[in-house]
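The values are calculated or read from the model by the stated rules, or taken from the named source; none is laboratory data. What you are looking at is a predicted structure, and each value in this text was computed from that prediction instead of being measured. In this analysis, Cβ positions are derived from the backbone assuming ideal geometry, glycine residues included, and neighbour counts consider all displayed protein chains. For accessibility, only protein heavy atoms count, side chains too; no ligands or nucleic acids. Shrake-Rupley method; radii C 1.70, N 1.55, O 1.52, S 1.80 Å.
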Amino acid sequence: MTDKPYPLTPHELAFEACDVLVLGAGVAAYQAAIAAARIGARVTLVGNAKGASPYILGFNVPLGTGVGASAAQFAADTAEGGYHLGKSDLINVLALEAEQAYTDLRDLDVPFEMLGGEPALRHRVGAYCPRSGDGRAGTGAAIHEALVNRAAEFGIEGRLGLKVLSLGRS
């Protein structure tokens, strides 16, 4: 693509057919693309850049058996940390599914720090107990890289630096 302003000439445009178009190239976009590909969709992922995903500091998850390590306490901490502005039903889903999401990321070989075979959880500000799993090389960058690699296994290629100009239906 060129740096000139739009409109582009016809030879600079690319047309591609797909079942699912994912706009964005961060962690959430790759998760969406992979989910669509798992059910057999032809997926195209287009984004300007990786966004803020590489700067994610940790992955909060209610692991362990200590006081406050439950999904309910995690949901309460999350609501309090957001000044109770979030939707409680969505916060509860986040809290209930966080442990499975952590397991899924471990299965993708995201290098979370471990201590004696257990996750080395950190106690972040606002949390009732330690529940932030961190990666040695930067959690966000490691998660993003793992998802990019998994997407490639499904034949999904991130097309960075592109813009979608229009959508058509066949």
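Could you tell me how many of the residues in the stretch 22-38 are aliphatic (A, V, I, L, M) and open to solvent by 60 Å² or more (accessible area, probe 1.4 Å)? Explain how you work it out, then say what you get.
Taking the stretch 22-38 first, the residues aliphatic (A, V, I, L, M) are 22-23, 25, 27-29, 32-37.
From what's left, open to solvent by 60 Å² or more (accessible area, probe 1.4 Å): 23, 28.
Of the residues in the stretch 22-38, 2 are aliphatic (A, V, I, L, M) and open to solvent by 60 Å² or more (accessible area, probe 1.4 Å).
Across the stretch 144-170, which residue is most open to solvent (accessible area, probe 1.4 Å) among those that are within 15 Å of the chain's Cα centre (by Cα) and of a type in the set (A, V, I, L, M, F, W, C)?
Residues of the stretch 144-170 that are within 15 Å of the chain's Cα centre (by Cα), as a first pass: 144-151, 158.
If we keep only those that are of a type in the set (A, V, I, L, M, F, W, C) too, we end up with 146-148, 151.
On the way: Ala146: 11, Leu147: 3, Val148: 48, Ala151: 0 Å².
Per the criteria, the residue is Val148.
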* Filtering the stretch 93-126 down to residues that are closer than 20 Å to Gln73 by Cα and touching a residue at least 40 places away in the same chain (Cβ under 8 Å), which residue is surrounded by the most Cβ atoms within 10 Å (Cβ to Cβ)? -> Leu121
* **Tally, over the stretch 55-77, of residues that are surrounded by fewer than 17 Cβ atoms within 10 Å (Cβ to Cβ) and either under 15 Å from Ala142 (Cα atoms) or at pLDDT below 80 (or both)** => 7
* Assess whether Gly82 counts as being over 16 Å from the mean Cα position of the chain (by Cα) and on the phi > 0 side of the Ramachandran plot. => no
* Structure fact -> For the stretch 98-114 the number of residues that are closer than 18 Å to Ala32 by Cβ and of a type in the set (S, T, N, Q) is 1
